Amino acid sequence: MVSPFDPEVRADPAAAYRALREAGRLHDYVPGIHLVPHYADCDVIFGDPDWGHGYFSGINPFRPGIDPKTLPGSFLLMDPPDHTRLRSLVTKAFTPRAIAGLRTRITEIADDLLDHAIGWGEADFVTDIAYRLPLTTICELLGVPAADHAVFGQWASAISRGLDPDAMLTDEEKSARAAAVAAFHGYFTELIAERARTPGPDLLSGLVAVAEGEDRLSTKEIGDIGALLLIAGHETTMNLIANGVLALAREPRQREVLADNPDLVPIAVEEFLRFDTPVPFPTRVAMRDLEFAGRSLPRGTGVILLAASANRDPEVFTDPDRLDVLRFDPARGTRKHLAFSHGPHFCLGAPLARLEATVLFDRLLRRAPDYELLDTAPRYRSSVSMRGPESLPVRFR
Ligand code: HEM
């Protein structure tokens, strides 16, 4: 059977997902690790505390023998109660209400990027717009100088590639990941010292204040949270925007519907997340011996949840391989997609990602609805865990 991780199927993985779904609920991938392609199964596992990460219990099969403190991810890698403690320190900053306050600034950033790109006539939608909007936004929120992106951009790429299971990585890629984690640590240690001396209204200063209060966060813990938010907060949204721009360019009728009714953009963003899921393969680990899909799975068994396949499951979504920007119209009662997972690790930044994408598509479709792709078959990034095109040259008419 074709692997959904095969570079050959990267451009159009729908047939590989279909074949896996039709062949069964649980597929052996490598010893101790299985693939789960159906919506119903991914949905159950995301919400079940018997499935966790197991890094700090020493049972994670995706990175065997690695000290989890040397990995990127902060609380993304943890299980309760540590996960709950650290996540709760930043949840307030990411509630839909807190995030709604950023709309004006995000609109300014989006318009500024579009002004330049439209003025040039041609641009790379990935590097000139889709990368910059979420990067600038998360840097401002955190209190990280956006100008430093030249420094940390490379570490962030090494880390996003390093999020793939170790079995998919070369030794050089694993070393690059460890070097990037160390580099981020050094970077944040300096920044945290500066915020302790001169606090600002930013999230990092807020965490430094918490560290000095009763919660006793260490500098390493703050730095790890900062790096997690910085990385999770830009590459993912960049891919959502790029995947949406590509999908709309391939479906001119759907693009027209949106250009005529920009109020529908928030609904369309949900469809972009479903149709071309930016984080296609989250993982989980059995925290105890479990029965699943008719198999006995010992504690420490890993599963790769094929969220991208679950989001194309015909049991849940009618005509799933078709882009339908009105699919998530509340009147149609479509079930939610799994692009942000759910349960304890539900994407903390979902309200921010939704707002950034909504603002960007709203401004794009009002200002330059007939943008044209100059490369209709773009190359994809090598990371399996984060899906999106490397570049997307476009012409604005
Ligand atoms: C977790 C997707 C944007 C911060 C997750 C998870 C997914 C995801 C699937 C859960 C992984 C799992 O269950 O194992 C996405 C997508 C995004 C996006 C598709 C954009 C389109 C953001 C943004 C932030 C963010 C803008 C902002 C800071 C986080 C954090 C976690 C997370 C901190 C860890 C949550 C936890 O473990 O408790 N994201 N994300 N994400 N996301 Fe996002």
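We did not get these values from a lab; they are worked out from the coordinates using the rules stated. As the structure is a prediction and not an experimental result, all values here were calculated from the model. Please note: Cβ atoms are built from the backbone with ideal geometry, for glycine as well, and neighbour counts cover all protein chains shown.
Given the C-alpha centroids of the range 359-377 and the range 274-342, what is the distance between them in whole angstrom?
Spelled out, the Cα-based centre of one part sits 29 Å from the other.
Using alpha carbons only, how many angstrom separate the centre of the range 378-395 from the centre of the range 238-260?
So the separation of the two Cα centres works out to 15 Å.
Taking K220 as the anchor, which aspartates and glutamates have their alpha carbon closer than 13 Å to its alpha carbon, excluding any fewer than eight residues away along the same chain?
The qualifying aspartates and glutamates are E190.
Among the complete DSSP H segments of the chain, which ones combine at least 30 Å of alpha-carbon extent along their axis with a mean Kyte-Doolittle hydropathy of -1.0 or more? Display every interim value, and only then the final one.
Values: long enough: 171-197 (40 Å, -0.33).
Answer set is 171-197.
Put +1 on the Cβ of every Lys and Arg and -1 on every Asp and Glu Cβ in the range 256-397; which of P369, L306, N261 then has its Cα farthest towards the positive end of the dipole?
Result: L306.
Out of residues 5 or more away from R381 or on other chains, whose amide H comes under 5 Å of its own, with H placed 1.01 Å from N in the peptide plane?
G388, E390
Can you show me the helix-derived [θ] at 222 nm for the chain, built from DSSP H runs with n ≥ 4 at -39,500 (n - 2.57) apiece and divided by the number of residues, rounded to the nearest 500.
-14500 deg cm²/dmol
Mind running the shape call on the range 7-395? Use the C-alpha gyration tensor, a ≥ b ≥ c as the square roots of the eigenvalues: rounded below 1.5 for a/c, prolate if a/b tops b/c, oblate otherwise. All intermediate terms of the calculation are to be shown ahead of the outcome.
Details: a/c = 1.60, a/b = 1.06, b/c = 1.51.
Oblate shape, in that a/c is at least 1.5 and b/c is the bigger or equal ratio.
Which distance in Å, rounded to a whole number, links the C-alpha centroids of the range 192-210 and the range 48-118?
Measuring centre to centre over Cα atoms gives 19 Å.
Pairs of Cα atoms under 8 Å, at least six residues apart: use those to get the relative contact order of the chain, whole percent. Write out the running numbers ahead of the final one.
On the way: 609 pairs, mean separation 107.0, N = 397.
After rounding, I find 27 percent.
Cut-off under 16 Å on the C-alpha distance; same-chain residues fewer than 8 positions from K69 excluded. Which aspartates and glutamates are left, in chain and number order?
Result set, ordered by chain and number: D79, D82, D166, E221, D224.
Would you please classify the overall shape of the range 247-397 from the alpha carbon gyration tensor, given that a ≥ b ≥ c denote the square roots of the eigenvalues, rounded means a/c under 1.5, and beyond that prolate means a/b larger than b/c while oblate covers the rest?
prolate
Taking neighbour Cβ counts within 10 Å as the exposure measure, how do E8, E235, E122 sort from fewest upward?
Details: E8 10, E235 27, E122 14.
Ascending Cβ contact count within 10 Å gives the list E8, E122, E235.
Residue by residue through the range 300-309, which ³J(HN,Hα) values in whole Hz follow from phi under the Karplus form 6.51 cos²θ - 1.76 cosθ + 1.60 (θ = phi - 60°), with glycine and proline marked x?
Rounded to whole hertz, the list is x, 6, x, 10, 9, 7, 7, 4, 5, 6.
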